[in-house]
Amino acid sequence: MQGAVEMNTDHVPAFTLTPPTPRRAEEIPRTTAIRVPKFIDDVSAGRVELPTIPGVVQKLISALRDPDVDTRTIGDALSRDPVLSAKVLRIANSSHFGAQRSMASIDAAVAMIGNQALNRVVVACGVASAFEAVPGIDLRVFWRDASVAATAAHALAPLVKADPEEAYLCGLLHAIGHLILCRSYPEIADAMFTGFAIVRGEPLAQIELDAFGIDHRAVGALWAEHLGFPKSVAVAIAAMATPDPSPQTPLAVVLRSACALIAAAEQADVAAGLCALPPALHARCVAADGSASAAFAKLYDSLRTVEPMG
């Protein structure tokens with residue numbers, strides 16, 4: 001585990017929709033007056049409990065890993081969760097699936113959506129349900145970022161022969177450790193993040209190390225393994241702490257690219273998104289004249305309209 005580092009006061013944290021509150025460096029709360037927790041020790045001692053996802057979601061995730069699972073089995077499991085069932089029906093009736101008429105049958109909706117897309121919906125809803133409110137965090141912005149990263153990772157994965165479904169999970173969970181830390185230590189989270197502007201990635205990790213003694217990447221990797229997600233997902237999330245261009249697995253390259261596109265997706269210039277890609281993917285997303293390829297331009301446009309999950 002890395003030791004605490006000095007907080008970067010050039011950045012101010014929080015996921016919030018409200019305008020950032022300007023503050024002088026000397027006004028930013030410092031953790032020197034607060035006990036820096038030891039997250040791993042607190043989890044081991046039972047002082048901190050890792051979040052859980054609903055049992056029905058866990059069963060669905062397990063069932064959907066079986067390519068031969070019966071549609072009715074999935075439908076029966078979904079029917080036990082009204083919120084999740086409504087979400088699935090809403091997706092099946094959306095223009096994305098070209099529904100000709102309003103669909104009310106869960107079994108029919110499952111058959112139309114397909115197991116892979118359904119698994120993404122189930123995981124996203126299940127993970128979001130574990131965090132109803134978190135001090136210092138605007139969850140709408142947080143989940144929008146997660147949706148953008150997941151969508152981008154899923155689309156980019158085939159370019160480097162990474163598994164698209166695992167890539168989606170990586171994007172969805174890449175910053176989940178931040179929610180866990182803020183949920184576990186609400187007083188510190190409120191002091192460090194409430195009312196400040198958005199910060200992501202490495203700057204956020206530096207602030208977390210100073211405030212919590214551990215960063216979101218390490219915690220997110222731990223939680224992914226705790227829930228039984230593929231080890232490759234946990235490894236890719238943890239690898240975000242390794243400076244680019246260090247050797248990376250294809251999944252880690254995709255995740256790094258997806259995270260770079262979160263901030264770029266808020267801009268109006270597709271070139272900014274292209275420039276945000278690491279070298280391993282940049283070459284695969286440019287046209288002969290050096291501009292963005294048609295496929296990347298289409299992906300970039302879609303990311304700019306992604307809505308928060310849930």
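Laboratory data are not the source of any read-out in this text; all were calculated from the coordinates shown. These numbers come from a predicted model, not from an experiment. No Cβ is skipped: glycine too gets one built from the backbone with ideal geometry, and neighbour counts run over all protein chains shown.
With neighbours defined as other Cβ atoms within 10 Å of a residue's Cβ, the residues CYS275, CYS285, CYS259 order from fewest to most as CYS275, CYS285, CYS259. Packing around the peptides 73-79, 129-135, taken as the average count of other Cβ atoms within 10 Å per residue, puts them in this order, highest first: 73-79, 129-135. Compactness of segment 53-129 was expressed as the Cα radius of gyration divided by 2.2 N^0.38 Å, which yields 1.00.
Electrostatic bookkeeping for ALA239 treats Lys and Arg as +1 and Asp and Glu as -1; over the other residues with beta carbon under 9 Å from its beta carbon, the sum is +2.
Packing around the peptides 266-273, 186-193, taken as the average count of other Cβ atoms within 10 Å per residue, puts them in this order, highest first: 186-193, 266-273. So, R0 is 30 Å and r is the distance between the beta-carbons of SER105 and LYS298; what FRET efficiency does that work out to, to 0.05? About 0.40, to the nearest 0.05.
Cβ under 14 Å from ALA263's Cβ, ALA263 left aside: what net charge do those residues give with Lys, Arg +1 and Asp, Glu -1? So the environment of ALA263 carries a net charge of 0. Other residues whose C-beta falls under 10 angstrom from the C-beta of ILE198 contribute a net charge of -2, scoring Lys and Arg +1 and Asp and Glu -1.
Here the peptides 110-117, 164-171 are ranked by packing, the mean other Cβ count within 10 Å, and the order with the highest first is 164-171, 110-117.
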